[in-house]
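Participant: Would you mind keeping the following structure in view while I ask a few things?
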């Protein structure tokens with residue numbers, strides 16, 4: 001099935017209703033959607049639950065009726081998972097109403113957040129930000145832009161189990177008593193990192209997809225990458241409301257701003273970019289609450305700086321994982337772009353013997369990874385559609401590794417030797433200053449500077 005056929009057959013996607021249930025140890029949000037054509041209506045039920053693993057932190061269950069605007073917005077961002085099955089031109093909001101400015105904001109998010117999806121499904125010639133989707137609100141519903149005042153303090157720290165969130169945990173370790181880790185449908189590595197950081201409590205969110213979504217994907221309806229970090233932003237914000245936390249310090253870096261398709265705006269990491277971060281933080285302040293601050297603590301840093309910082313946090317080296325392919329088994333698959341990128345970015349700072357132990361193999365010796373390697377060093381049309389750093393950083397890390405391991409009688413591993421033979425060290429090795437902006441409060445910037453000073457950056 002192709003985009004043109006499906007979008008003409010299915011004219012509208014409806015966000016029908018939202019609700020919530022309070023159980024003994026959790027809060028469950030329930031969302032109802034419908035994909036519509038002239039002859040059929042396909043219903044979906046989506047659920048999100050919150051649970052605190054703790055003995056002394058209590059979610060604000062009794063005030064939840066004051067927070068329905070947050071619940072409504074979680075339902076709106078979660079529509080994207082079902083909308084993309086056919087990408088109808090209209091998303092009809094039957095359970096709330098947005099302003100014209102809000103509708104423009106959501107149009108931008110859907111188009112750029114689904115940028116990789118659009119590119120890989122060969123929709124580039126068909127759609128643009130203006131015509132891809134239109135949001136239409138029910139005029140019978142009230143405007144959903146009532147902000148609320150919330151007493152908040154401390155941090156809700158999203159943890160994914162990779163090196164970046166480890167660095168955030170360590171930078172904020174002096175605020176341990178007022179911080180609460182947050183995990184969302186997370187792999188085992190996230191819980192292991194939380195344990196190494198000596199947290200006994202954490203807030204957990206779980207998402208439950210309608211089986212029809214999975215069935216329709218298998219039938220050939222449109223499928224692909226969604227802006228997971230945008231979904232995380234709304235779900236984490238409501239988590240901060242429930243737990244009474246003021247700051248949501250993400251672990252996204254400057255490198256996330258580089259497009260995946262060179263010379264375009266298509267970016268696998270759009271919802272990790274500073275552009276989205278700034279858009280979301282402003283939307284949060286304008287339409288939800290001014291008492292929670294959403295920012296990426298690591299935004300001023302490149303991945304290679306984060307890798308250097310991570311190299312000194314040796315307590316985590318046996319538990320962190322960044323591989324999406326192997327996360328169910330809590331291992332590095334050793335075959336994907338994420339594995340190879342992390343391996344490269346850490347190789348100037350961690351000995352290959354240690355990396356081989358952590359990854360289960362010596363990745364620089366695996367020439368089956370050559371095609372991925374070529375994408376990472378920027379000699380292909382696209383970077384890998386993964387959360388990887390900039391082309392410059394990969395080249396720079398390789399150059400640092402070559403310099404570190406140089407010896408007249410030393411044989412470089414095959415991928416590194418290949419890089420040398422194609423003139424890799426002569427390729428552009430200058431930092432790419434993608435959007436230097438950030439929203440990091442000053443006192444956190446001072447901590448970042450201290451951490452960088454400690455490694456001599």
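The values are calculated or read from the model by the stated rules, or taken from the named source; none is laboratory data. Note that the structure is predicted; figures quoted are calculated from it, not measured. Glycine gets a Cβ as well: all are built from the backbone with ideal geometry, and neighbour counts include every protein chain shown.
Participant: Any residue at all in the range 183-203 that's surrounded by fewer than 20 Cβ atoms within 10 Å (Cβ to Cβ), closer than 19 Å to residue 323 by Cα, in contact (Cβ under 8 Å) with a residue 40 or more places away in the chain and out of contact with any strand residue (DSSP E or B) (no Cβ under 6 Å at 6 or more places or on another chain)?
Facilitator: Scanning the range 183-203, I find at least one residue that is surrounded by fewer than 20 Cβ atoms within 10 Å (Cβ to Cβ), closer than 19 Å to residue 323 by Cα, in contact (Cβ under 8 Å) with a residue 40 or more places away in the chain and out of contact with any strand residue (DSSP E or B) (no Cβ under 6 Å at 6 or more places or on another chain), so the answer is yes.
Participant: Keeping to the range 201-230, report how many residues are farther than 23 Å from residue 260 by Cβ and part of a loop (DSSP other than H, G, I, E, B).
Facilitator: Initial filter on the range 201-230 (farther than 23 Å from residue 260 by Cβ): 201-216, 218-221.
Then keep just the ones that are part of a loop (DSSP other than H, G, I, E, B); that gives 201, 209-210, 220-221.
Here the count works out to 5.
So that you can scan it fast, the table gives a plain yes or no per residue for (1) surrounded by fewer than 22 Cβ atoms within 10 Å (Cβ to Cβ); (2) at pLDDT 95 or above; (3) part of a loop (DSSP other than H, G, I, E, B):
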position: 255; (1), (2), (3): no, no, no
position: 259; (1), (2), (3): yes, no, yes
position: 264; (1), (2), (3): yes, no, yes
position: 268; (1), (2), (3): no, no, yes
position: 277; (1), (2), (3): no, yes, no
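Participant: From the list 42, 27, which one is more than 25 Å from the chain's Cα centre (by Cα) and assigned to a strand (DSSP E or B)?
Facilitator: Working: 27 fails: more than 25 Å from the chain's Cα centre (by Cα).
Just one listed residue meets the conditions, 42.
Participant: Starting from residues that are in contact with a helix residue (DSSP H, G or I) (Cβ under 6 Å, 6 or more places away or on another chain) and assigned to a loop (DSSP other than H, G, I, E, B), keep the ones in the range 407-430 and report whichever is modelled with the lowest pLDDT. Can you show your working first?
Facilitator: Filtering the range 407-430 for residues in contact with a helix residue (DSSP H, G or I) (Cβ under 6 Å, 6 or more places away or on another chain) gives 413-416, 419, 425, 427, 429.
With the extra rule that they be assigned to a loop (DSSP other than H, G, I, E, B), the set shrinks to 413, 427, 429.
Working: 413: 93, 427: 80, 429: 69.
Looking at the filtered set, the residue picked out is 429.
Participant: Check 103, 78 and return the single one that is at pLDDT 95 or above, in contact with a strand residue (DSSP E or B) (Cβ under 6 Å, 6 or more places away or on another chain) and under 22 Å from residue 23 (Cβ atoms). Explain how you work it out, then say what you get.
Facilitator: Details: 103 fails: under 22 Å from residue 23 (Cβ atoms).
Result of the check over 103, 78: 78.
Participant: Among the listed residues 404, 338, which satisfies the condition of being within 23 Å of residue 269 (Cα to Cα) and part of a helix (DSSP H, G or I)?
Facilitator: Details: 404 fails: within 23 Å of residue 269 (Cα to Cα).
Just a single option satisfies the conditions, and that option is 338.
Participant: Quick check on my filter: what residues within the range 320-339 are closer than 13 Å to residue 188 by Cβ, surrounded by fewer than 22 Cβ atoms within 10 Å (Cβ to Cβ) and touching a residue at least 40 places away in the same chain (Cβ under 8 Å)?
Facilitator: 327, 328, 330
Participant: Tell me, please, whether a residue that is in contact (Cβ under 8 Å) with a residue 40 or more places away in the chain, over 25 Å from residue 140 (Cβ atoms), in contact with a helix residue (DSSP H, G or I) (Cβ under 7 Å, 6 or more places away or on another chain) and not in a helix (DSSP H, G or I) can be found in the range 64-83. Talk me through it step by step, then tell me what you get.
Facilitator: Residues of the range 64-83 in contact (Cβ under 8 Å) with a residue 40 or more places away in the chain: 64, 66-83.
Pick out the ones that are also over 25 Å from residue 140 (Cβ atoms) and you get 81.
Next, from what is left, pick out any that are in contact with a helix residue (DSSP H, G or I) (Cβ under 7 Å, 6 or more places away or on another chain): 81.
If we keep only those that are not in a helix (DSSP H, G or I) as well, we get none.
No, the range 64-83 has no match at all.
Participant: If you go through the range 3-19, how many residues are touching a helix residue (DSSP H, G or I) at 6+ places or on another chain (Cβ under 9 Å) and outside any strand (DSSP E or B)?
Facilitator: Residues in the range 3-19 being touching a helix residue (DSSP H, G or I) at 6+ places or on another chain (Cβ under 9 Å) and outside any strand (DSSP E or B): 1 in total.
Participant: Residues 349, 341: which one is modelled with pLDDT of 95 or more and within 18 Å of residue 414 (Cα to Cα)? Step through it out loud before you land on a result.
Facilitator: Numbers: 349 fails: within 18 Å of residue 414 (Cα to Cα).
So the residue among 349, 341 that is modelled with pLDDT of 95 or more and within 18 Å of residue 414 (Cα to Cα) is 341.
Participant: Quick one: how many residues across the range 204-260 are within 19 Å of residue 322 (Cα to Cα) and over 17 Å from the mean Cα position of the chain (by Cα)?
Facilitator: Counting residues in the range 204-260 that are within 19 Å of residue 322 (Cα to Cα) and over 17 Å from the mean Cα position of the chain (by Cα) gives 0.
Participant: Just the residues that are surrounded by 18 or more Cβ atoms within 10 Å (Cβ to Cβ) and either farther than 17 Å from residue 209 by Cα or out of contact with any helix residue (DSSP H, G or I) (no Cβ under 6 Å at 6 or more places or on another chain) (or both), please, taken from the range 21-31. Before you say what the answer is, go through the steps one by one.
Facilitator: Taking the range 21-31 as the starting set, the residues that turn out to be surrounded by 18 or more Cβ atoms within 10 Å (Cβ to Cβ) are 27, 29, 31.
Listed by number, the list holds a single entry, 27.
Participant: Then there's this: When the range 231-248 is examined, which residues are found to be farther than 24 Å from residue 86 by Cβ and either touching a helix residue (DSSP H, G or I) at 6+ places or on another chain (Cβ under 6 Å) or in a helix (DSSP H, G or I) (or both)? Working first, answer last.
Facilitator: Taking the range 231-248 first, the residues farther than 24 Å from residue 86 by Cβ are 232-233, 235-248.
Answer for the range 231-248, where residues must be farther than 24 Å from residue 86 by Cβ and either touching a helix residue (DSSP H, G or I) at 6+ places or on another chain (Cβ under 6 Å) or in a helix (DSSP H, G or I) (or both): 232, 233, 235, 236, 237, 238, 239, 240, 241, 242, 243, 248.
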